[in-house]
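Report on one structure; see the data block that follows.
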Amino acid sequence: MSDDSFIREVNDEIRREQAQALWDRFGPAILGLAILVVLGTAAFVGYRYWDESRANRSGDAFSQALKLANDGKSDDALTALQQLEKDGYGAYPLLARMRAATIKADKGDFAAAVADFDGVAADTAIPQGIRNMARLRAALLLVDHGSFADVSSRVEALTADNNTLRHTAREALGLAAWKEGKTQDALKLFDQIAADDGAPRNARQRATLMSELIRGSGAS
């Protein structure tokens, strides 16, 4: 055997011994980590499948409830939405609450609809933006089915210059004021909308029309 062959064999034996020593020391830990990675991946995939399945079932139930409502089967739609509120997943229980309130309003049960929207608005577990939207929806119903005080108590805070819902909130409050003969208050609100460059064009057009109507009637 040449010196080179002998040295290679010695080096190979040393490497095998070192590898065996490393495996004896760290092998169980590496094997355990690999098992944990596999189990973790399986758990993640399983959870994602479970999560998507629940969301899909709730989405299908919500779509079916909407179809019932569109077909004029309001009572059946409300029953389906109430069930979805109880056992729905993700955002669907909240969507069901809001949609159920709308259906009640469409049926003419305005008191129940307002109560539902007020319930959403008072629920601190719901994001603030949706709570504000619920306040606005209740106020819009109360323009025709409540008093100026009813509308004001729900949307006065939404009329601030930095609120994204200010245009609709001011419009609801202006209509409620005009309805009760508070023409100066109504005119101020409609003028604010008309002068607001951030307001949608159709909102500004309606506000301008209302301002002209109030001034033209001599009530201002």
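The values are calculated or read from the model by the stated rules, or taken from the named source; none is laboratory data. Predicted model, so just to flag it, every value in this text is computed and none were measured. Quick reminder, even Gly has a Cβ in these numbers, built from the backbone with ideal geometry, and neighbours come from all protein chains shown. Remember, those area values only see protein heavy atoms, side chains included, never the ligands or the DNA or RNA. Shrake-Rupley method; radii C 1.70, N 1.55, O 1.52, S 1.80 Å.
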Scanning for something assigned to a loop (DSSP other than H, G, I, E, B) and either closer than 23 Å to Thr102 by Cβ or among the polar types (S, T, N, Q) (or both), does segment 167-186 turn up at least one residue?
no
Among the residues of segment 56-76, write down those that are within 21 Å of the chain's Cα centre (by Cα) and among the polar types (S, T, N, Q).
Asn56, Ser58, Ser63, Gln64
Can you confirm whether Ala125 is in a helix (DSSP H, G or I) and either surrounded by fewer than 21 Cβ atoms within 10 Å (Cβ to Cβ) or in contact (Cβ under 8 Å) with a residue 12 or more places away in the chain (or both)?
no
Under 19 Å from Leu189 (Cβ atoms) and assigned to a helix (DSSP H, G or I) - does that describe any residue in segment 111-122?
no
The residue that is farthest from Gly119 (Cα to Cα), considering only those in segment 151-165 that are of a type in the set (A, V, I, L, M) and not in a helix (DSSP H, G or I), is Ala160
Can Leu36 be described as in contact with a Lys or Arg (Cβ under 8 Å, 6 or more places away or on another chain), in a helix (DSSP H, G or I) and either of a type in the set (Ser, Thr, Tyr) or at pLDDT 70 or above (or both)?
no
Across segment 137-150, the tally of residues that are part of a helix (DSSP H, G or I), surrounded by fewer than 19 Cβ atoms within 10 Å (Cβ to Cβ) and not acidic (Asp, Glu) stands at 2
Within segment 187-212, take every residue that is assigned to a loop (DSSP other than H, G, I, E, B) and surrounded by 14 or more Cβ atoms within 10 Å (Cβ to Cβ) and give me the one that is nearest to the chain's Cα centre (by Cα).
Ala199
Check whether at least one residue in segment 159-177 is closer than 26 Å to Leu78 by Cβ, out of contact with any Gly (no Cβ under 9 Å at 6 or more places or on another chain) and open to solvent by less than 20 Å² (accessible area, probe 1.4 Å), and report yes or no.
yes
Please tell me if Ala80 is closer than 21 Å to Leu140 by Cα, in contact with a helix residue (DSSP H, G or I) (Cβ under 6 Å, 6 or more places away or on another chain) and not acidic (Asp, Glu).
no
